[in-house]
Amino acid sequence: SKITYVQPDGSLETCDVSPGKSLMLAAQSKGISGILGECGGQAMCATCHVYVDESFLDKLPAPSEEEDAMLEEAASDRRPNSRLSCQIDASDELDGLVVHVPAEQL
Ligand code: FES
């Protein structure tokens, strides 16, 4: 599915991500900046924080307790559309998803 990552300066990169791959791992393998993923995808670092485009929010499963707790630790403000990109897997349903990379991850 096509996933678009928007940088804080407004520049965007769209990638083809295989179903089942997390948006964090996809960003890493495509060299997208600003998504660090320091814990390797275990919902334990919040350096993969993204703001999910509002129009896709209801297509995502609710965050787990771990994710919800980590989002409180994120370096950039938590907003209602904040998610950990390691906890979102690409799927046909999410084709066209747009995520915004926060200004700070550390
Ligand atoms: Fe650490 Fe997502 S990679 S919380």
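Quick look at the numbers
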quantity: Which listed residue is among the small types (G, A, S), loosely packed, with under 14 Cβ neighbours inside 10 Å and more than 16 Å from R79 (Cβ to Cβ), from G31, G41; calculated: G31
quantity: So Y5, is it touching a residue at least 40 places away in the same chain (Cβ under 8 Å), more than 12 Å from the ligand (Cβ to nearest atom), touching a helix residue (DSSP H, G or I) at 6+ places or on another chain (Cβ under 9 Å) and among the hydroxyl-bearing types (S, T, Y); calculated: yes
quantity: Residue match in the range 29-43 (condition: outside any loop (DSSP other than H, G, I, E, B), within 15 Å of the ligand (Cβ to nearest atom) and of a type in the set (D, E)); calculated: no
quantity: Scan of the range 2-44 for residues that are farther than 11 Å from S85 by Cα and of a type in the set (A, V, I, L, M, F, W, C), ordered by number; calculated: I3, V6, L12, C15, V17, I32, C39, M44
quantity: Members of the range 57-106 found to be within 22 Å of S33 (Cα to Cα) and in a helix (DSSP H, G or I), listed by number; calculated: E67, M70, L71, S85, C86, Q87, L94
quantity: Whichever residue in the range 60-93 is near the ligand (Cβ under 9 Å from one of its atoms) and in contact (Cβ under 8 Å) with a residue 60 or more places away in the chain and, among such residues, is surrounded by the fewest Cβ atoms within 10 Å (Cβ to Cβ); calculated: Q87
quantity: Looking only at the range 9-23, and only at residues there that are free of Cβ contacts under 8 Å to residues at least 12 places away in the same chain and small (G, A, S), the one that is surrounded by the most Cβ atoms within 10 Å (Cβ to Cβ); calculated: S11
quantity: Test: residue in the range 46-59 that is within 25 Å of D9 (Cα to Cα), surrounded by fewer than 19 Cβ atoms within 10 Å (Cβ to Cβ), within 16 Å of the ligand (Cβ to nearest atom) and not aromatic (F, W, Y); calculated: no
quantity: Selection count, the range 10-28, where residues are under 19 Å from L106 (Cβ atoms) and away from the ligand (no atom under 13 Å from the Cβ); calculated: 0
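No lab work stands behind these numbers, since they all come straight from the coordinates. Since the structure is predicted, the reported quantities are computational estimates derived from the model, not experimental observations. Cβ coordinates were reconstructed from backbone atoms using ideal geometry, including for glycine residues, and neighbour counts include every protein chain displayed.
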